[in-house]
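Derivation of every value follows stated rules applied to the coordinates shown; laboratory data play no part. The structure presented is a predicted model; accordingly, all values stated were derived computationally and were not measured. Note that we place each Cβ from the backbone using ideal geometry, even for glycine, and neighbour counts take in every protein chain shown.
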Amino acid sequence: MKILVLYHSDYGNTEKMAQAIAKGAQAAVDDAHCQLIQVEDAKLDDLVAADLIFLGSPVHMGTMAWKVKKLIDDCGKLWMENALAGKVAGIFATGGGLGNAGGGVELTLISLFANALEHGMIAVGFPKNLPGYADGGLHWGAYARCANAEGMPQPISDAALVAGRSYGAHVAEVALRFANNTE
């Protein structure tokens with residue numbers, strides 16, 4: 001199975017989450033080939049070649065980073081060709097926000113989810129019974145908080161990285177079931 005983890009990272013936080021997700025996905029699927037690529041370095045052929053695509057973004061003013069949106073917009077040709085239809089997708093985000101609410105993360109995850117569905121992909125959420133959900137998950141996907149209540153930067157917690165690994169493994173297991181055509 002070819003697993004592609006695409007992400008944009010401003011300060012290294014989203015990259016850490018991408019690495020955790022890749023680690024979980026790799027551990028869940030024997031002989032998986034997992035590739036991490038920053039969105040600005042991604043080529044459309046990378047997406048077409050993948051069986052499973054994770055897409056992650058930091059939250060920027062309540063939505064995904066513009067570089068992530070640019071990649072999505074550049075995928076219009078793939079949308080016209082249905083080139084991503086039937087592939088499995090997972091999403092993740094990092095962010096802060098004032099008041100300790102993670103401002104904009106849910107909108108960011110919903111936007112990423114919606115774009116995967118627009119392509120006909122099978123977008124996989126984050127079940128609440130998985131390890132780490134309470135510390136780094138929403139039903140849409142994995143999330144790592146990287147700011148305190150005042151909006152000042154803080155490192156991603158180990159608990160959020162556990163959630164990233166758990167979510168990566170879960171989505172990879174779902175993709176494997178589809179690849180094997182089993183229940």
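For segment 78-183, the gyration tensor built on C-alpha atoms gives an oblate shape. Its axis ratio a/c (a ≥ b ≥ c) is at least 1.5, and a/b is not larger than b/c. Between segment 10-73 and segment 120-183, the C-alpha centres lie 13 angstrom from each other.
Annotation: the residues TYR133, TYR11, TYR167, sorted from fewest to most other C-beta atoms within 10 Å of their own C-beta, follow the order TYR11, TYR133, TYR167.
Given the choices (i) 1.15; (ii) 3.11; (iii) 0.94, Cα Rg over 2.2 N^0.38 Å derived from the coordinates of this structure is entry (iii). Helix 158-180 axis versus longest C-alpha principal axis of the chain: approximately 10°, rounded to the nearest ten.
Applying a threshold of 21 Å to the alpha-carbon distances of LYS2/LYS87; LYS43/LYS77; LYS16/LYS67; LYS43/LYS67; LYS87/LYS128; LYS2/LYS69 flags LYS87/LYS128; LYS2/LYS69 as lying beyond it.
Using a ≥ b ≥ c from the Cα gyration tensor of segment 124-167 (square roots of the eigenvalues), is it rounded, prolate or oblate, where a/c under 1.5 gives rounded and otherwise the larger of a/b and b/c decides, a/b for prolate?
Numbers: a/c = 2.80, a/b = 2.00, b/c = 1.40.
Taking the square roots of the gyration eigenvalues as a ≥ b ≥ c, segment 124-167 is prolate.
Straight-distance candidates among the aspartates and glutamates for linking to LYS23, with alpha-carbon spacing under 17 Å and chain neighbours fewer than 8 residues away dropped: GLU15, ASP31, ASP51, ASP158, GLU173. Distant-in-sequence amide contacts of GLY137, defined by a placed amide H-H separation under 5 Å and a gap of 5 or more residues or a different chain, comprise TYR143.
Per-residue Cβ neighbour counts within 10 Å put ARG165, ARG177, ARG145 in the sequence ARG177, ARG145, ARG165, beginning with the fewest.
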